[in-house]
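K.L.:
Attaching a single structure in structure tokens format; questions to follow.
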Amino acid sequence: MKLILASNSPRRRQLLEEAGIPFEVIPSSFEEAEIGLSSKETVLQFAAAKAMDVYQKHPDCAVLGADTVVSLDGETLGKPGTEERAKEMLSLLSGRKHQVYTGVCLICDGGARTGIVETGVTFHELSKEQIEEYVKKMRPFDKAGGYGIQDDYPLVKLVEGSFTNVVGLPMELVTHLLKEAKLW
């Protein structure tokens, strides 16, 4: 059975490729909107909605959907979208610990397998100049929390848990779900 990644994320693509998992990319057209749930509930619902959006058009395939957010003191920080919002998010994260949640949903043969991974991330203290340089150089507008841990930039002091979760796809969970579904 063919596996479809319901995401346009180059980071998710790279993680699957590095793991040697064969897949095709068909991005979901699901539109994310604030739904008033916790970060954990939101990522799980969005991952399932993304996977289902693609699965409905390709029911003969297995579809993998994922959604990642950063949570600081219970506040969800999604993708900043703008330079100013990215700077604001990085200022909030500076010198502090936050959580990264990724919801994953694998749909195949009409059934869904889901899971959530949480990783603790602590940032170094960042100066205003460091934040401005990072945003200008890395342009993290499409990254949860306004940063990419894989970027060659010293933002992160400590990662407690799955590194690939912070990148955007917790490979430990993904490989477990694929094996459970006998797809890999």
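The values are calculated or read from the model by the stated rules, or taken from the named source; none is laboratory data. From a predicted model like this one, the values you see are computed outputs, not experimental measurements. Neighbour counts are summed over all protein chains in view; Cβ atoms, including those assigned to glycine, are modelled from backbone coordinates with ideal geometry.
K.L.:
Take Thr82 and tell me if it is surrounded by fewer than 16 Cβ atoms within 10 Å (Cβ to Cβ) and over 30 Å from Lys2 (Cβ atoms).
P.N.:
Values: surrounded by fewer than 16 Cβ atoms within 10 Å (Cβ to Cβ): yes; over 30 Å from Lys2 (Cβ atoms): yes.
Yes: the conditions hold for Thr82.
K.L.:
Here's another thing I want to ask about it. All but one of (1) in contact with a helix residue (DSSP H, G or I) (Cβ under 9 Å, 6 or more places away or on another chain); (2) within 19 Å of Leu44 (Cα to Cα) hold for Gly120; which doesn't?
P.N.:
Of (1) in contact with a helix residue (DSSP H, G or I) (Cβ under 9 Å, 6 or more places away or on another chain); (2) within 19 Å of Leu44 (Cα to Cα), only one is false for Gly120: (1).
K.L.:
Give me the pairs, please: first residue somewhere in the range 15-29 and surrounded by fewer than 17 Cβ atoms within 10 Å (Cβ to Cβ), second residue anywhere and of a type in the set (A, V, I, L, M) and part of a loop (DSSP other than H, G, I, E, B), beta-carbon distance under 9 Å, and either six or more positions apart or on two chains.
P.N.:
Every condition considered, the pairs that remain are Val25/Ala6; Pro27/Ala6.
K.L.:
May I ask you to list the residues in the range 69-104 that are under 29 Å from Leu178 (Cα atoms), in contact with a Pro (Cβ under 9 Å, 6 or more places away or on another chain) and either at pLDDT below 95 or not aliphatic (A, V, I, L, M) (or both)?
P.N.:
Lys79, Thr102
K.L.:
I've got another one for you. Please work out if Gly115 is in contact (Cβ under 8 Å) with a residue 12 or more places away in the chain, in contact with a Lys or Arg (Cβ under 6 Å, 6 or more places away or on another chain) and small (Gly, Ala, Ser).
P.N.:
For Gly115, the condition - in contact (Cβ under 8 Å) with a residue 12 or more places away in the chain, in contact with a Lys or Arg (Cβ under 6 Å, 6 or more places away or on another chain) and small (Gly, Ala, Ser) - is not met.
K.L.:
Can you pull out every residue in the range 89-111 that is outside any strand (DSSP E or B) and either buried (at least 16 other Cβ atoms within 10 Å of the Cβ) or of a type in the set (A, V, I, L, M) (or both)?
P.N.:
If the condition is that a residue be outside any strand (DSSP E or B) and either buried (at least 16 other Cβ atoms within 10 Å of the Cβ) or of a type in the set (A, V, I, L, M) (or both), then Met89, Leu90, Leu92, Leu93, Ser94 are the ones that fit.
K.L.:
Conditions: (1) within 29 Å of Ser28 (Cα to Cα); (2) in a strand (DSSP E or B). Thr122 meets all but one. Number of the miss?
P.N.:
(1)
K.L.:
How many residues does the range 163-184 contain that are small (Gly, Ala, Ser) and either surrounded by 20 or more Cβ atoms within 10 Å (Cβ to Cβ) or in contact with a helix residue (DSSP H, G or I) (Cβ under 6 Å, 6 or more places away or on another chain) (or both)?
P.N.:
Counting residues in the range 163-184 that are small (Gly, Ala, Ser) and either surrounded by 20 or more Cβ atoms within 10 Å (Cβ to Cβ) or in contact with a helix residue (DSSP H, G or I) (Cβ under 6 Å, 6 or more places away or on another chain) (or both) gives 1.
K.L.:
Taking the condition outside any helix (DSSP H, G or I) and touching a residue at least 40 places away in the same chain (Cβ under 8 Å), does Pro154 pass?
P.N.:
Spelling it out, it is not the case that Pro154 is outside any helix (DSSP H, G or I) and touching a residue at least 40 places away in the same chain (Cβ under 8 Å).
K.L.:
Sort out for me the strands (runs of 3 or more DSSP E) sitting completely within the range 1-88 that have 2 or more residues that are under 19 Å from Ile107 (Cβ atoms). First the steps, then the outcome.
P.N.:
Numbers: elements: 3-5, 62-72, 75-77.
Result: 3-5, 62-72.
K.L.:
Looking only at the range 58-79, filter to residues that are charged (D, E, K, R) and in contact with an Asp or Glu (Cβ under 9 Å, 6 or more places away or on another chain); which one of those is surrounded by the fewest Cβ atoms within 10 Å (Cβ to Cβ)? Spell out how you get there, then give the answer.
P.N.:
Taking the range 58-79 and keeping what is charged (D, E, K, R), we get 60, 67, 73, 75, 79.
When the remaining residues are screened for being in contact with an Asp or Glu (Cβ under 9 Å, 6 or more places away or on another chain), the result is 67, 79.
Details: Asp67: 27, Lys79: 19.
The residue in question is Lys79.
K.L.:
Note down all Cβ pairs under 6 Å where the first residue falls in the range 88-106 and is within 12 Å of Tyr147 (Cα to Cα), the second is assigned to a loop (DSSP other than H, G, I, E, B), and they're at least six residues apart or on different chains.
P.N.:
Met89/Pro80; Ser94/Glu125; Ser94/Leu126
K.L.:
Yes or no: the range 127-149 includes at least one residue that is modelled with pLDDT of 95 or more, assigned to a strand (DSSP E or B) and small (Gly, Ala, Ser).
P.N.:
No, there is no match, as no residue in the range 127-149 is modelled with pLDDT of 95 or more, assigned to a strand (DSSP E or B) and small (Gly, Ala, Ser).
K.L.:
From the list Gly65, Gly145, pick out the single residue that is at positive phi and touching a residue at least 40 places away in the same chain (Cβ under 8 Å).
P.N.:
When all the criteria are applied, what remains is Gly145.
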